[in-house]
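Report on one structure; see the data block that follows.
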Amino acid sequence: MTLATLPSVAIIVNALIFLVIPALSRHDIFFSITVSRDFRDTTIARATLRRYRVGVLAGSIGALVAVQMATSSPHLIVPAVFVQTIAATAAWAWAHRTIRPHAAIPSAVRVAALVPRDLSYPGGAVAIVGPFLVLGAAAWLLHANWDFIPDRIPAHWNIYGTPDRWTTKSGRGMFVPLAFAAVIILAVQVQAWFIVRRTRQIVVTGASADAEQQFKRRTAAYSVLSTFNVAALFGYFAMRTVVTSDDNLGWGFALIMGLVVLSGLGFAGWLLIAGQGGQRRVAPDARSATLGDASPDSAWKAGVFYFNPDDSAILVEKRMGLGWTLNLGNRLAWLFLLLAIGVPFLIALFMR
């Protein structure tokens, strides 16, 4: 494995993501612009999509070449990788600007459904408490066996699972990572709760509404699963010093990472099939007559960032990619962003 291998793989994966992103949005959202239901089949839409993809491919090839040239100067590899990001961003901005004159006017009529929807947290109380119980068990095991833990323990492992950096045993080094994991889990749980209960239901009846509801619940369920993955991973690193004297990463780590990777790939595959809001799985003749995603085009800055002080929503559907993004015009969204970034940063600073 050479110095350029991992960056090159990352560039190829990112290229595939950039190429497929326009096809993942709702059928009536094209490069972040609300369009008519049949616009994607027009000549201008196809030409714009083709030129966008040519720009992405050109930038990706340029990044691969730049990474190969930068192997003699490792500090230039990261800037070389950014060649792709810059090119893809420029291609997206051009396509967004090209499609803007063809925007359709979405209906101002809002429809409400009288049928109750499942707003429960996936997995219930067990899913909420479970990850914290895992971390608590790890903390208790550390405390109960503190005198048996070696004074010198591994702090980092290479790609072969062999320790290449060591540290001395300390309460801060052993227990603070568990607190860090608890903060991550809590943030993900809040996100899952918001997805289920506080995201806007764009389509309220029919097959499109059912697909949208399924998309929300499956995304929230994967978030719940990821909290257990985080708890298992941090719990493993905390308890391994107690349950084994082998400093190498063993089968336990391989098992956990295998489950993380398999679940992530499975969910990613489902997302690609479902598309934004699950709408790719809805037959064309069963799609809702409602255009757009109930947010105005003017509030989407560069087609990526949503800023609308008149919208009470904190999370809105992304127009580039899948899932949801924050409404930066809502003060509560900034508070959530501050907590999500600031608290882990303070804990990481305390760990030093």
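The values are calculated or read from the model by the stated rules, or taken from the named source; none is laboratory data. Bear in mind that the values here come from a model prediction, so they are computed numbers and not experimental data. Every residue, glycine as well, gets a Cβ built from its backbone with ideal geometry; the counts of neighbours run over all protein chains shown. These area figures cover heavy atoms from the full protein model, side chains too; ligands, DNA and RNA do not enter into them. Shrake-Rupley method; radii C 1.70, N 1.55, O 1.52, S 1.80 Å.
Quick notes on this structure:
- Of the residues in the stretch 264-279, at least one is modelled with pLDDT of 90 or more and touching a Ser or Thr at 6+ places or on another chain (Cβ under 7 Å).
- Residue count for the stretch 51-65 under the criterion of being under 16 Å from Leu19 (Cβ atoms) and open to solvent by 60 Å² or more (accessible area, probe 1.4 Å): the result is 6.
- Scanning the stretch 176-199 for residues that are farther than 18 Å from Ile314 by Cα and free of Cβ contacts under 8 Å to residues at least 60 places away in the same chain yields Ala181, Ala182, Ile185.
- Only one entry in Trp334, Trp324, Trp270 is over 21 Å from Ile33 (Cα atoms) and open to solvent by less than 70 Å² (accessible area, probe 1.4 Å), namely Trp270.
- Number of the exception - Gln68 against (1) closer than 30 Å to Thr5 by Cα; (2) touching a residue at least 40 places away in the same chain (Cβ under 8 Å); (3) surrounded by fewer than 14 Cβ atoms within 10 Å (Cβ to Cβ): (3)
- Filter result for the condition that a residue is part of a helix (DSSP H, G or I), touching a Lys or Arg at 6+ places or on another chain (Cβ under 9 Å), open to solvent by 40 Å² or more (accessible area, probe 1.4 Å) and among the aliphatic types (A, V, I, L, M), over Ala207, Ala221: Ala207
- Residue in the stretch 124-147 that is farthest from the chain's Cα centre (by Cα), counting only those that are open to solvent by 50 Å² or more (accessible area, probe 1.4 Å) and farther than 18 Å from Gly235 by Cβ: Asp147
- Of the criteria (1) without any contact (Cβ under 8 Å) to a residue 40 or more places away in the chain; (2) over 30 Å from Arg319 (Cβ atoms); (3) loosely packed, with under 15 Cβ neighbours inside 10 Å, which one Met257 fails: (3)
- Residue match in the stretch 287-307 (condition: within 24 Å of Val224 (Cβ to Cβ) and not in a loop (DSSP other than H, G, I, E, B)): no
- Flag: Pro150 does not match the condition of being touching a His at 6+ places or on another chain (Cβ under 9 Å), over 30 Å from Gly342 (Cβ atoms) and not aromatic (Phe, Trp, Tyr).
- Positions within the stretch 1-31 being crowded, with 18+ Cβ neighbours inside 10 Å, part of a loop (DSSP other than H, G, I, E, B) and at pLDDT below 95, in sequence order: Ala4, Ser25, Arg26, His27, Asp28
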